[in-house]
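The values are calculated or read from the model by the stated rules, or taken from the named source; none is laboratory data. Note that the coordinates shown come from a computational prediction; the quantities given were computed from them, not determined experimentally. Every residue, glycine as well, gets a Cβ built from its backbone with ideal geometry; the counts of neighbours run over all protein chains shown. In case anyone asks, the SASA skips ligands and DNA or RNA and just uses the protein heavy atoms, side chains included. Shrake-Rupley method; radii C 1.70, N 1.55, O 1.52, S 1.80 Å.
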Amino acid sequence: LDGTWSQGRSLRRHLEKSISSSQNLSSNAVEDAREVANSSGTGESQDLTFVHIDVKEPSLFAPLRKQVRSDGCCTLEAAAYCMRELGESDVADNWIHNLKVFVDTIRVQSRGEQLYGTFSDDERAKMTAVKRNLEPPF
């Protein structure tokens, strides 16, 4: 489930109610969710893949935004974890690299420092010079 924590909890509760009212739940919630999703009310089976993301490290996005939960991650990280689970490691690595570039860009522009080392010293100097030129003269 993706969204804010509040949205995710609300959606999870709604899905749990929908699943439990439409059929008896077994002890395996993932299998229950797969059965409900695959039936889709049309009688036709859907080919869906379910991936569980087990986040063990702080989000790469955490330096820019306070993390409410230590096992949370941003949407791009979640998508990258899914792609890696589906065998698309090159895509996942590219997305993670781009997230690091984004975080470093914001940090360099606001504090002059980078966290992930995605820029050379010359690039970082140019970025901070551009920032100084954009500041109002008063």
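Does GLY112 qualify as being at positive phi and either under 21 Å from the mean Cα position of the chain (by Cα) or modelled with pLDDT under 65 (or both)? In short, no. Just one residue in the set SER40, SER45 is of a type in the set (S, T, N, Q) and either at negative phi or at pLDDT 85 or above (or both); that residue is SER45.
GLY8 satisfies every condition listed in (1) open to solvent by 70 Å² or more (accessible area, probe 1.4 Å); (2) at pLDDT below 80 except (1). Considering only residues in region 88-120 that are surrounded by 13 or more Cβ atoms within 10 Å (Cβ to Cβ), out of contact with any Leu (no Cβ under 7 Å at 6 or more places or on another chain) and among the charged types (D, E, K, R), the one that is farthest from SER59 (Cα to Cα) turns out to be GLU88. Among the residues examined, ALA129 does not qualify as within 16 Å of SER59 (Cα to Cα) and modelled with pLDDT under 90.
If you check PHE61 against the conditions, is it open to solvent by 80 Å² or more (accessible area, probe 1.4 Å) and modelled with pLDDT of 85 or more? Considered against the rule, which asks whether it is open to solvent by 80 Å² or more (accessible area, probe 1.4 Å) and modelled with pLDDT of 85 or more, PHE61 comes out as no. Considering region 64-87, the residues that are of a type in the set (A, V, I, L, M) and loosely packed, with under 14 Cβ neighbours inside 10 Å include one that is modelled with the highest pLDDT, namely LEU86.
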